[in-house]
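Following: one structure in structure tokens, then a few remarks.
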Amino acid sequence: MADTGVLETLLRRIEKVDDGVDSLEVATSLGVDHQVLVGAVKSLQALGDLISAELRSSKHWELLGEGTEIAEQGSHEARVFGSIPPEGLGQSELMKLSFGKIGFSKAMSNKWIRVDKAHEGGPRIFRTVEDIEDQVREKLLLVQRGNSSKLEEKEKNELKKRKLLSEVTVKSYWITKGSSFSTTITKLETELTPEMIANGSWKEKKFKPYNFEAMGVAPDCGHMHPLMKVRTQFRQIFLEMGFTEMPTNNFIESSFWNFDSLFQPQQHPARDQHDTFFLSDPALAHGFPPDYLERVKKVHSEGGYGSQGYKYDWKVEEAQKNILRTHTTAVSARMLYKLAQQERDPGCHPSGRVPPDRGRGGRLRAHAGGPHGHPARVLHQTRDYQAPLQAGLQPVHGAQHGSVQLP
Amino acid sequence: MPTVGVKRDLLFKALGRTYTDEEFDELCFEFGLELDEITSEKEIISREQGGSKASGASDVILYKIDVPANRYDLLCLEGLVRGLQVFKNKLEAPRYRRVAPVSGEPQKLIITKETAAVRPHAVAAVLRNITFTQERYDSFIELQDKLHQNVCRKRSLVAIGTHDLDTVSGPFTYTAKPPGDIRFKPLNQTKEYTAAQLMSLYKTDSHLKHFLHIIEDKPAYPVIYDSNGVVLSMPPIINGDHSKISLNTKNVFVECTATDLTKAKIVLDMMVTMFSEYCSQPFTVEEAEVVYPDGKTCKYPELAYRKEKLSSGFINRKVGINEPTEKIAQLLTKMCLRSEVTGVGDEIQVEIPPTRSDVIHACDIMEDAAMAYGFNNIPYTTPGTYTVANQFPLNKLTELLRQDLAAAGFTEALTFALCSKEDISDKLGKKISETRAVHIANPKTAEFQVARTTLLPGLLKTIAANRKMPLPLKLFEISDVVLKDETKDVGARNSRRFCAAYYNKSPGFEVIHGLLDRTMQLLAVKAARGDGYHIQASDDSTFFPGRCAEIFFRGKSVGRLGVLHPDVLGRFELAMPCSALEMDVEPFLGRTAETALAHEVAAAAAVHRPPPARPASTRTVFGDVSAPAGLRALDDFLADKSYVEGFEATQADAAVFDALPAAPGPALRHLARWYNHIESFRRERGGLPAAKGRFVLDAFEEHVDVDAFNKI
């Protein structure tokens, strides 16, 4: 809040006049900066209908730095003229003066002076007229005294071009008494305090109005990643449909479970270096169920179980190669095998399985960002071994109907 | 999926009608294809090389059609049109026939033993009296190209050579020779080269350079000569110029050399079935004889039609429809699988033509029936069995923790599972050899060389990418890292981790420590040595000296927290202090009741269980329940009954339960339901009321005629 002294002085001024006062004039007469007075007006406005203030803007011309200098000491050309004694002055002497260079040409074009180039001791300058009239200075003096209206627009613009004058817009308030005008100020409370509630003083106080246009303070919150939220939703859908979630926390998989057991032939393009990440360490997997391995080999190389097979030389070395799991169906293969083992087990329940997890290669076309998100990174992820919502969500029908058929 | 480009107007002409783009798109979809793009040569060139290059190109409209990778019979206009016409019942699938030449003496291709080391197989056939036009010729070349890219695995498995038979004279010899000894004028060249010269000539050929590696390092290159020593081709690289086919060619000699004989036969069948359409006797192919090094001979192409029998019930069940057998046979016939009802039950005999090498088992036939039926016409049904949903316990715990960590004011990050070696070693002040990291043999970029062994670098990179966000940055992630583990079949395992980082003007160790305390509170672990958790000062090169503590849970170290070392911050381009926490999540499992599933498969053959105590007798009033008939009778009996006798479980149920040699399969639904129910009485079965009747007979007892069915 502005200084109470200024506030009260202002109120008393307003009281004295009938129509109103101009903030600019009050500031000048009080000898304070206009901004201080503007602050006072705002403070008074916040107190209710004490005063009413109307914003006005007025334009006037003001001298710039060079203009002020000219108004005080005369134009450059006049000063050049003034500095030349009747016996003349050497040109080099004149040029040493601060205004010499600028004033010289203008004085020449005004035909106030002449140059005698043949003079002994170098070119010398003489007056050509007895007396001059320094119009520029007089015009500027008019402006300085606040009589700029006496100048023609053309003249003012010319001086403006010479950077001697500038037009400034001054915003001021026209202040009049408000409906509840008073010269005494009651300070408004900003907030309700525990003390006020305790002693009941809130009943007497006036409260400063809130600015409901402003934004609130941002809460200090964390949040989940948008893509992970989507994954949670998908997971939920499958759980609601009665699927059991498979353990997919095995990013490293053998080609055997990832490809061979799913009847993907060993020359399949997806098993190329271009399409699958192989591991150099640990490079090979071991410990496949031997009888099952034989069955897989047989159905690939010779066929069987109702299939013609691919009829090629199936190599266990190829199946052993470790890779980054390219799809979560690899987990389905393991689970189907295990379910098939349990077939004879009493208490085996029908089950659906669902693994919504990462596999290599992207199916997810997402560009979710969010305040802390980083869209570019998310997009990257779909290309590079990051597809949280990768496919592999298909229900395992065989398992559902209890007739697991594996090669 | 390969994409086949065909000229729209040619396609419509061959189909005998025009379609709007939408109609054709719809047709493709019904047939299991996808109209990928409608474009023109001009458009393609201007897109790929800029508008200026495209000025002279043709603006004939092209349809780009996505074809399933194993449907080699749809890789050219001829095959596509034939497939669609049969599908629309406008054409009967042609019968491809192998015929003997009019002269009586078939062309011979003699394979010498030298080929064994480089490319041992070859097959051949002749297209007699064929008529080429510019379009047919282009399609003929294009199909070879498509086959080379797909089934031939970039010519490594099979390479096709086609020759103007009238320019050469058989018998042909397929042999292998040292590169220096092979000399001929290759296709579209003006002079002769040796094979060795050719290999260096084609090093810069944008098309051929991709095939050189197949034979480059071999001591001998494969080559085919005619009886006059003219080189037909040097597979899998290039044909000879002498025998090249032109628009005027009337008789074409097709040879396929291969490392995989099955594939070679498929490719040869495909070439001749597609283009025999243009022979004077359409769909006939003149046989060629291949003579093996051991003197054995074989006639090609095989053009084998295979017959399969399957039941319409199988197809109906698998697809989830209920169509009469005749209708199913019609559907299959539409897909070029000529089918007829045999009259034995609901049996259908399906004939698989040589063009459908992709049909290798019953479910492929089922799939075609489903496609012809229209996937969108299959009614929605709900599963007949109920299942109980179950979360994977580790994921359940993770989901719960994530919720509460976000509620604690931390923001979840999702970072890459792969990173560079530096990220997990040098940048954290560790040695790569200490990390137990899994290494990728063929990384695509230096940024993704290993599977991460810690979540911390991911979070620090996320902070670096979000430095402009207002401080503090509070991030967390719960996800898997991968560690080498020799006890696993693949030699590695995932480990679920929780990592959090606090980045601000002050290190905020207390914030991270507070988060640890909150996490432990959520996990119901109290702050205490021994049974609870505690932290104690530790040394770790990732953290600032004296500002790192190790987290212990029940006396075992589960992770670390602390203020990061300024060097670490600098390497991740971070300017503010940062404190972080990383710990294992898995030790906190087991506080839930679920039994964990595991993906490990027992390496021992089958899981051997002790055989269930053999019941004294499997003979019951329902029949012998060790035989299917007895089980079925029991199943029927239980269809509308909860118990064997009366309205509650009695010793009668227990006795019949014991008589069953094994748990019934789910096919016997009622029996299975009863079995599971009775099994749940296992503990209290002694207290079940006595049975009124006798249901289980002694093993050798004469059958006592108890009318169980009228007892109640």
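Things to note:
- Chain B: DSSP helices with Cα axial extent of at least 18 Å and average Kyte-Doolittle hydropathy no lower than -0.5: B:261-275, B:393-407, B:509-522
- The packing ranking, built from the mean of other Cβ atoms within 10 Å per residue, places the peptides B:349-359, B:321-331, B:252-262, A:118-128 in the order B:252-262, B:349-359, B:321-331, A:118-128, highest first.
- Residues of type aspartates and glutamates that A:LYS59 reaches as a straight line, Cα spacing below 15 Å, ignoring anything fewer than 8 places off in the same chain: A:ASP22, A:GLU25, A:GLU153, A:GLU167
- Non-local Lys pairs in the range B:393-588, i.e. 8 or more apart or on different chains, that have alpha carbons under 13 Å apart: 4
- For the pair B:GLU586 and A:GLU191, label points projected 7 Å from Cα toward Cβ lie 5.1 nm apart.
- Virtual spin-label span in nm between B:ARG632 and B:GLU600, 7 Å along Cα→Cβ: 4.3
- Listed pairs A:LYS101/A:LYS156; A:LYS298/B:LYS334; B:LYS146/B:LYS209 exceeding 21 Å between Cα atoms: A:LYS101/A:LYS156; A:LYS298/B:LYS334
- Summary of packing: across the peptides B:550-557, A:277-284, B:48-55, the per-residue average of other C-beta atoms within 10 Å ranks them, highest first, as A:277-284, B:550-557, B:48-55.
- Other residues lying with their Cβ under 9 Å from the Cβ of B:SER312 contribute a combined charge of -3, Lys and Arg counting +1, Asp and Glu -1.
- Rounded to the nearest 20 debye, the dipole size of the protein assembly as shown about its Cα centre is 1380 debye, using +1 on the Cβ of Lys and Arg and -1 on the Cβ of Asp and Glu.
- Reach of B:LYS108 by Cα under 17 Å, taken over aspartates and glutamates that are not fewer than 8 positions away in the same chain: B:ASP164, B:ASP166, B:ASP226, B:GLU255, B:GLU286, B:GLU287, B:GLU289, B:ASP294, B:GLU302
- Take every pair of alpha-carbon atoms less than 8 Å apart whose residues are at least six positions apart; their mean separation over the length of chain B yields a relative contact order of 9 percent.
- Peptide A:237-247, shielding by other chains (average Cβ, 10 Å cutoff): 5
- Local electrostatic count at A:ILE113 - Lys and Arg +1, Asp and Glu -1, tallied over other residues with Cβ under 11 Å: +3
- Peptide B:379-387, shielding by other chains (average Cβ, 10 Å cutoff): 4
- Taking every residue in A:269-281 and counting other chain Cβ atoms within 10 Å of its Cβ, the average works out to 4.
Laboratory data are not the source of any read-out in this text; all were calculated from the coordinates shown. Here the structure is a predicted model, which means the values were calculated and not measured. Neighbour counts are summed over all protein chains in view; Cβ atoms, including those assigned to glycine, are modelled from backbone coordinates with ideal geometry.
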